[in-house]
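Novice: Submitted below is the structure of interest, expressed as structure tokens.
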Amino acid sequence: MTDLAIIGAGPAGLAAAIEAASLGLSVTVIDEQPAPGGQIFRNVERASSDPALAGEYGSDGAALVRRFRAAIQAGGIDYRASTTLWHLDTVGGVLSLRGESGTGSLVAQRVLLATGAQERPVPIPGWTLPNVLTAGAAQILLKQAGAVPRGRTVLAGQGPLLWLLADQLAKAGATPALLLETTPRGALRQALPAGLAGAGFWRGRAMLAKGATLMAASRRAGMRVISHVTGLRAEGEGRLQRITWDGGGSTEADTLLLHEGVIPSTHVSRALGLPHQWDETQLCWRPEVDAWGATPNPLLAVAGDGAGIGGWQAATATGALAALDAACRLGRLPEHARDSRAVPHRHLLRRMLALRPFLDRLYAPAPGVLAPADDDTIVCRCEEVTAGQVRAAAALGATGPNQAKAYLRTGMGPCQGRMCGTTVAAVIAQARGIPIAEAGALRPRAPFKPITVGELADLPAG
Amino acid sequence: MFAQRPDPRPATVEVFVGDAALRVPEGSTAAAAVMLAGLPAIRETPVNGSPRLPYCMMGICFDCLAEIDGVANRQACMVTVRPGMRIAPQHGARAARMSA
Ligand SMILES: Cc1cc2nc3c(=O)[nH]c(=O)nc-3n(C[C@H](O)[C@H](O)[C@H](O)COP(=O)(O)OP(=O)(O)OC[C@H]3O[C@@H](n4cnc5c(N)ncnc54)[C@H](O)[C@@H]3O)c2cc1C
Ligand code: FES
């Protein structure tokens, strides 16, 4: 039995664990990665000295993970690396886990989902070709293996992570040849009011300055930038060879890295039946949580990017807030103490979210990213179902992704709809002239990750 | 295809991708080894037989399913390399399905 089980050892989970342990709670941290850090600080204990990853990763990331290791040393934290949560009984608080030595279970008084974000799918024609990856995938290869794409690399899409990656690849000696930026003409003008409101630009000035530096650096390193690109296509026989775009644009390429921002990973929170809302600004599903990350379920809270995209510093703040609330609910911290300890975290959170409204509007994905216009574009990579097939299912009466599943198997392949769920909902919504919120979110089922019959048989009975 | 940078990350763990031996840095995954080996595909899709390589590297897309140390349908991007690990592409095998 543990007081607080935290799923995810990214910034949110690490901050929550450190805070909760300091309040005397017994904490168990579960993460499928072999080391702490989450997506942003993946493998930081091994790679922090890589010059290509200098900056936030090498300094703040390494420091956060060191604090976590020190907290483990001080006692109160049971950290289980390479361990996946594949089922959760929310009535009894029983977590089903799979680690390197097999399956097992754990009972917790409170559970914090700090499972983070995933990149938004970018369903363009040819996106299933070998050597078309997400920008995040290339960054993971750099962090995990120190590896860089060889040959002619093209980045396509938009958002801060793309510029960060361009800079990291340049420092690693693999400057991308070209960035095809999809931000539409006029987006900056339309986003300006959101930045001016509430002094967002002023409070987010450090972040803006960092962004400008990154952009200048990758251009200086020799990356060409083409703006306002639409109609991207990846082409080739059995592998990526060419990229084309509207207006007759075309370029050869060995690797294409796509990115249209990140969205909360809601697979587990949806499978648990938690209520979710369609966020009209960030254009993604997010679980309903209160100011402490608490969900309507008495056992469960959600913190970090999994509850809405705010970046890593905001994630540490929401993680700490959820830990304070857990201590309060478990009777270890009076309400007034919870509230006063929350003040610095709320302050940090406000500062870190100041620029979000501007960024969300500036980098809002185009309608064609949410719902591809071209009928032949694959939306479900597992079952190779196209946008045209989803539109046909909508015409036959499928009212959302949960019905489309029965017609087309979208969401029934191994990824369980992690990749296609939102796209299928958007395509159906467009075809039926209804809001995406009405088409609804896929309701996945446990196990959250594939588990073999043998592993199931190993479980203790009862 | 991806290339190593031995200076910051020396390649110290020997694995086999298909039949070819390859050294990769500690902390790499089986999927990274496949990308570094330059394989044209890690699997073919069961529906159309089209070639695939890893897409997300973080456990979301399941395009990296491979046979690792004799066990099929493993998410190669979630498996950390170990000395002597054997990573083989899988052809046409239908991945384990989860939902009824
Ligand atoms: C690929 C990628 C790269 C990114 N790189 C950057 C970057 O360089 N800079 C930046 O500012 N932002 C980056 N981001 C944005 C980033 O998500 C956040 O800034 C930050 O990582 C959010 O922290 P978090 O703690 O909420 O979640 P995360 O850091 O995502 O941590 C979630 C953790 O939960 C674990 N997990 C999830 N499900 C389970 C399960 N069922 N069982 C066990 N463990 C589980 C995961 O392994 C992961 O370690 C990136 C996002 C992605 C998707
Ligand atoms: S590459 Fe996407 S799940 Fe492994």
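The values are calculated or read from the model by the stated rules, or taken from the named source; none is laboratory data. Owing to the predicted nature of the structure, the values given are computational and were not obtained by experimental measurement. Neighbour counts run over all protein chains shown; Cβ positions are idealised from the backbone, glycine included. When the accessible area is computed, the model is the full protein with side chains, heavy atoms only, and any ligands, DNA or RNA have been set aside. Shrake-Rupley method; radii C 1.70, N 1.55, O 1.52, S 1.80 Å.
Novice: Give, as a single signed number, the net charge of other residues whose beta carbon lies under 15 Å from the beta carbon of A:ARG220, with Lys and Arg counted +1 and Asp and Glu -1.
Specialist: +2
Novice: If Lys and Arg each add +1 and Asp and Glu each add -1, what is the summed charge of the other residues whose beta carbon sits under 14 Å from the beta carbon of A:ALA35?
Specialist: Summing Lys and Arg as +1 and Asp and Glu as -1 gives +1.
Novice: Sticking with this structure for a sec: For peptide A:405-415, how many partner chain Cβ atoms fall within 10 Å of a residue's Cβ, on average?
Specialist: That works out to 3 on average.
Novice: Per the Kirkwood definition applied to all pairs of different Cα atoms, how many angstroms is the hydrodynamic radius of the stretch A:72-199?
Specialist: Roughly 19.1 Å, rounded to one decimal.
Novice: Also: So how do B:72-79, A:221-228, A:402-409, A:2-9 stack up, highest first, on mean other-Cβ count within 10 Å?
Specialist: Output ranking for B:72-79, A:221-228, A:402-409, A:2-9: A:2-9, B:72-79, A:402-409, A:221-228.
Novice: Can you compute 3J(HN,Hα) from phi for each residue in the stretch A:20-29, using the Karplus curve 6.51 cos²θ - 1.76 cosθ + 1.60 with θ = phi - 60°, rounded to whole Hz and x for Gly and Pro?
Specialist: Calculated HN-Hα couplings, in order: 5, 5, 5, 8, x, 7, 7, 10, 10, 10 Hz.
Novice: Which of the peptides A:24-37, A:331-344, A:372-385 is most tightly packed, and how do the rest follow, going by the mean number of other Cβ atoms within 10 Å of each residue?
Specialist: A:24-37, A:372-385, A:331-344
Novice: At a probe of 1.4 Å, how much accessible area disappears from chains A and B on forming the pair, both sides counted, to the nearest 100 Å²?
Specialist: Chains A and B together bury approximately 4400 Å².
Novice: May I ask which of A:LYS143/A:LYS210; A:LYS143/A:LYS405; A:LYS405/A:LYS449 have a Cα-Cα span longer than 27 Å here?
Specialist: A:LYS143/A:LYS405
Novice: Per-residue ellipticity at 222 nm for chain A, helices alone: DSSP H runs ≥ 4 residues times -39500 (n - 2.57), over residue total, nearest 500 deg cm²/dmol?
Specialist: So the helix-based figure for chain A works out to -11000 deg cm²/dmol.
Novice: How big is D, in µm² s⁻¹, for the stretch A:203-250 by Stokes-Einstein at 25 °C and 0.890 mPa s if Rh is the Kirkwood radius over C-alpha pairs?
Specialist: It comes out at roughly 183 µm²/s.
Novice: Sticking with this one: Sort A:41-52, A:191-202, A:318-329 for me by packing, meaning the mean count of neighbouring Cβ atoms within 10 Å per residue, highest on top.
Specialist: Sorting A:41-52, A:191-202, A:318-329 by mean packing, highest first, produces A:318-329, A:41-52, A:191-202.
Novice: For the full complex of protein chains and a 1.4 angstrom probe, list A:THR423, A:THR281 by accessible area with the highest value first.
Specialist: A:THR281, A:THR423
Novice: Another one. For the protein assembly as shown, report the accessible area per residue in Å² (1.4 Å probe, heavy atoms, rounded to an integer).
Specialist: 38 Å²
Novice: Where both residues lie in the protein assembly as shown, what percent of DSSP beta bridges are antiparallel, nearest 5?
Specialist: 55 percent
Novice: Still on this structure, please answer the following. Amide H neighbours of A:ASP279 under 5 Å, at least 5 residues apart or on other chains, H built in the peptide plane: list them.
Specialist: For A:ASP279, the qualifying residues are A:CYS284, A:TRP285, A:ARG286.
Novice: On to the next question. Using the Kirkwood radius built from alpha carbon pairs, what does the Stokes-Einstein equation give as D for the stretch B:12-88 at 20 °C and 1.002 mPa s, in µm² per second?
Specialist: Using the Kirkwood radius from Cα pairs, D works out to 177 µm²/s.
Novice: For the stretch A:180-268, give the share of DSSP beta bridges that are antiparallel, in percent and rounded to the nearest 5; count only bridges with both residues there.
Specialist: Around 90 percent antiparallel, to the nearest 5.
Novice: Please report, to one decimal in angstroms, the Kirkwood hydrodynamic radius of chain A built from all distinct Cα-Cα pairs.
Specialist: After inverting the pairwise mean of 1/r, the radius is 22.9 Å.
Novice: Can you say what percent of the DSSP beta bridges in the stretch B:12-88, counting only those with both residues inside, are antiparallel? Round to 5.
Specialist: 85 percent
Novice: Looking only at Cβ-Cβ distances, which cysteines of chain A have no other cysteine closer than 4.7 Å?
Specialist: A:CYS284, A:CYS328, A:CYS382, A:CYS415
Novice: Oh, and also: Measuring from centroid to centroid over Cα atoms, what is the spacing of the stretch A:12-78 and the stretch A:301-351 in Å?
Specialist: Measuring centre to centre over Cα atoms gives 17 Å.
Novice: A further question follows. Taking the 0 to 90 degree range and rounding to the nearest ten, how far is the long axis of helix A:335-353 tilted relative to the main principal axis of chain A, both from C-alpha atoms?
Specialist: 10 degrees
Novice: On C-alpha positions alone, give me the angle between the axis of helix A:160-171 and the longest principal axis of chain A, in degrees, nearest 10.
Specialist: Around 80 degrees separate the two axes.
Novice: Still on this structure: Which of the GluC sites (Glu not before Pro) found in the stretch A:211-314 are in a DSSP loop and have at most 15 neighbouring Cβ atoms, other than their own, within 10 Å?
Specialist: A:GLU237, A:GLU280, A:GLU288
Novice: Could you work out the mean count of beta carbons from other protein chains within 10 Å of each residue's beta carbon in A:170-179?
Specialist: 1
Novice: Need one value for B:75-84: mean number of C-beta atoms belonging to other chains within 10 Å of its residues' C-beta atoms.
Specialist: Rounded to a whole number, the mean comes out at 3.
Novice: May I pose another question? Enter the angle in degrees (range 0 to 90, nearest 10) between the Cα long axis of helix A:421-432 and the first principal axis of the Cα atoms of chain A, meaning the one along which they spread out most.
Specialist: The two axes meet at around 60 degrees.
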